[in-house]
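Chemist: One structure coming up, written as structure tokens, with questions to follow.
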Amino acid sequence: MSGKATIDWSADADSPVPPDNWGRRPARVGMPWGFVAVIALLVAGRFVLAPYLTSPALQTWATIFVAICVQALPFLVFGVALSAAIAAFVPASFWTRALPRRPAVAVPVAGLAGAVLPGCECASVPVASGLMSRGVAPAAALAFLLASPAINPIVLVATAVAFPGQPLMVVARFAASLLVAILVGWLWLRFGRADWLRIPARGRDGDSKVGVFVAAMRHDLLHAGGFLVVGALAAATLNVVVPREWMVSVAGIPVISILALALLAVLLSICSEADAFVAASLTAFSPTAKLAFLVVGPMVDLKLIALQAGTFGRSFAMRFVPLTFTLAVVVSTAVGWLLL
């Protein structure tokens, strides 16, 4: 004997085909507990969760979530497309010629350049990322990131329409927002470290321009779009959870009212093209508090924090967000007391 076990398929040992039931375990008779559990959950959800799904709070949450996404998505796509075009079709040498060589001078120039780009804060993040990847100093790109959604022509016109007969509100918003953008850029230039900021990589120089554009567009849209949804979820939840009565009760306290509207701007996450109309509706608050709302909102809100953390890294967001928020509150308060 060879010592190897032989397999007898059936009564006919020479048959090369195993029987139909070969290798099968005997069927077990029992309850399909997994199926029963799914059915039980569905039944419980029908009677337990259904009343909450039609509650006004949930409907408000869904409305806010959808509104933020629908409002921001076109500008996000525009910003991603512009960022991809910058990475693919604009040579790096262009930025060395367009911006001053000294970073300290390039910061205010980049901030003023934000006045010509009609976009919101969602568009500014991928555009700033594209500028950094093409060799622009991070401090200058960050100044552009903050200034663009706050001082572009569409935002200023919307502010003038929302505050008729109050041209100083437009002037104050422009001056305070630009000043914050420049100060943040200068502070980052002086104290920022390279390991705090993750600059997204772009296509290699040897790649085709169309290939670089498509790859950058696909990557940034999926990446930034996911963080936009996360920010919209958080904003919608806080809009429903935080009682509005709390805000009205502090409107009569000057310093507290400014901080309250600044925090409200972070929570609401309204697009900069529409936030002036919301600010104008807050009639119980002072003009300075409304200015803080208009300055903080385009620079620091929940969807922006999510986008910045996803694009430049959490280490960057942990430092950049508090710095920007503090300067936005201080500068808007000073400008409001001077002009309003």
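The values are calculated or read from the model by the stated rules, or taken from the named source; none is laboratory data. These figures come from a predicted structure and were not determined experimentally. Cβ atoms come from the backbone with ideal geometry, glycine included; neighbour counts cover every protein chain shown.
Chemist: All but one of (1) within 19 Å of GLY192 (Cβ to Cβ); (2) among the small types (Gly, Ala, Ser); (3) buried (at least 24 other Cβ atoms within 10 Å of the Cβ) hold for SER315; which doesn't?
Modeler: (3)
Chemist: For the stretch 145-168, which positions are in a helix (DSSP H, G or I) and surrounded by fewer than 24 Cβ atoms within 10 Å (Cβ to Cβ)?
Modeler: Correct list: PRO153, ILE154, LEU156, VAL157, ALA158, ALA160, VAL161, ALA162, PRO167, LEU168.
Chemist: What's the number of the condition VAL80 fails, among (1) surrounded by 17 or more Cβ atoms within 10 Å (Cβ to Cβ); (2) closer than 30 Å to CYS69 by Cβ; (3) at pLDDT 80 or above?
Modeler: (3)
Chemist: Also: Given the criteria closer than 22 Å to PRO322 by Cβ, touching a Leu at 6+ places or on another chain (Cβ under 9 Å) and assigned to a helix (DSSP H, G or I), does ALA172 qualify? Reasoning before the result, please.
Modeler: Working: closer than 22 Å to PRO322 by Cβ: no; touching a Leu at 6+ places or on another chain (Cβ under 9 Å): yes; assigned to a helix (DSSP H, G or I): yes.
Considered against the rule, which asks whether it is closer than 22 Å to PRO322 by Cβ, touching a Leu at 6+ places or on another chain (Cβ under 9 Å) and assigned to a helix (DSSP H, G or I), ALA172 comes out as no.
Chemist: Listed residues ALA260, ALA194, ALA235; which is at pLDDT 75 or above, within 20 Å of VAL321 (Cβ to Cβ), of a type in the set (Gly, Ala, Ser) and crowded, with 17+ Cβ neighbours inside 10 Å?
Modeler: ALA260
Chemist: Could you run through the stretch 169-188 and say how many residues are among the aromatic types (Phe, Trp, Tyr), crowded, with 22+ Cβ neighbours inside 10 Å and under 22 Å from LEU340 (Cα atoms)?
Modeler: So the answer is 0.
Chemist: What is the one condition in (1) within 22 Å of the chain's Cα centre (by Cα); (2) part of a helix (DSSP H, G or I); (3) charged (D, E, K, R) that ARG190 does not satisfy?
Modeler: With respect to (1) within 22 Å of the chain's Cα centre (by Cα); (2) part of a helix (DSSP H, G or I); (3) charged (D, E, K, R), ARG190 is out only on (1).
Chemist: Okay, moving on. Got a number for residues in the stretch 307-340 being under 22 Å from PHE174 (Cα atoms), of a type in the set (Gly, Ala, Ser) and touching a helix residue (DSSP H, G or I) at 6+ places or on another chain (Cβ under 6 Å)?
Modeler: Qualifying residue count, the stretch 307-340: 3.
Chemist: Do we have ALA106 as crowded, with 19+ Cβ neighbours inside 10 Å and in a helix (DSSP H, G or I) here?
Modeler: yes
Chemist: Return the pair list, or none, for Cβ contacts closer than 7 Å from residues in the stretch 192-215 that are farther than 20 Å from ALA139 by Cβ and small (Gly, Ala, Ser) to residues that are surrounded by fewer than 16 Cβ atoms within 10 Å (Cβ to Cβ) and modelled with pLDDT of 65 or more, at least 6 apart or on different chains.
Modeler: Within 7 Å, the pairs are GLY203/GLY211.
Chemist: So, of the residues in the stretch 125-144 that are in a helix (DSSP H, G or I), in contact with a Phe, Trp or Tyr (Cβ under 8 Å, 6 or more places away or on another chain) and not polar (S, T, N, Q), which turns out to be nearest to ALA98 (Cα to Cα)? Please lay out each step first, then the result.
Modeler: Keep residues of the stretch 125-144 that are in a helix (DSSP H, G or I), which gives 125-133, 138-144.
Subset that is in contact with a Phe, Trp or Tyr (Cβ under 8 Å, 6 or more places away or on another chain): 127-129, 131, 138-139, 142.
Okay, now just the ones that are also not polar (S, T, N, Q), so 127-128, 131, 138-139, 142.
On the way: VAL127: 16, ALA128: 15, LEU131: 12, PRO138: 15, ALA139: 16, LEU142: 16 Å.
For the stretch 125-144, the residue satisfying everything is LEU131.
Chemist: Out of curiosity, is SER272 among the small types (Gly, Ala, Ser), modelled with pLDDT under 85 and either farther than 22 Å from ILE64 by Cα or in contact with an Asp or Glu (Cβ under 8 Å, 6 or more places away or on another chain) (or both)?
Modeler: yes
Chemist: Right, next: Taking into account only those residues within the stretch 286-306 that are surrounded by fewer than 24 Cβ atoms within 10 Å (Cβ to Cβ) and within 16 Å of ALA172 (Cβ to Cβ), which is modelled with the lowest pLDDT?
Modeler: Going through the qualifying residues, I end up with SER286.
Chemist: I've got another one for you. Pull out all pairs, ordered by first then second residue, where Cβ-Cβ is under 8 Å, the residues are six or more apart or on different chains, the first lies in the stretch 62-73 and is surrounded by fewer than 18 Cβ atoms within 10 Å (Cβ to Cβ), and the second is modelled with pLDDT of 75 or more and part of a helix (DSSP H, G or I).
Modeler: Short answer, once both residue conditions are applied: ALA62/ALA236.
Chemist: Select from the stretch 264-285 the residues that are of a type in the set (A, V, I, L, M), in a loop (DSSP other than H, G, I, E, B) and surrounded by 24 or more Cβ atoms within 10 Å (Cβ to Cβ) and list them in ascending order.
Modeler: The answer is ILE270, and nothing else.
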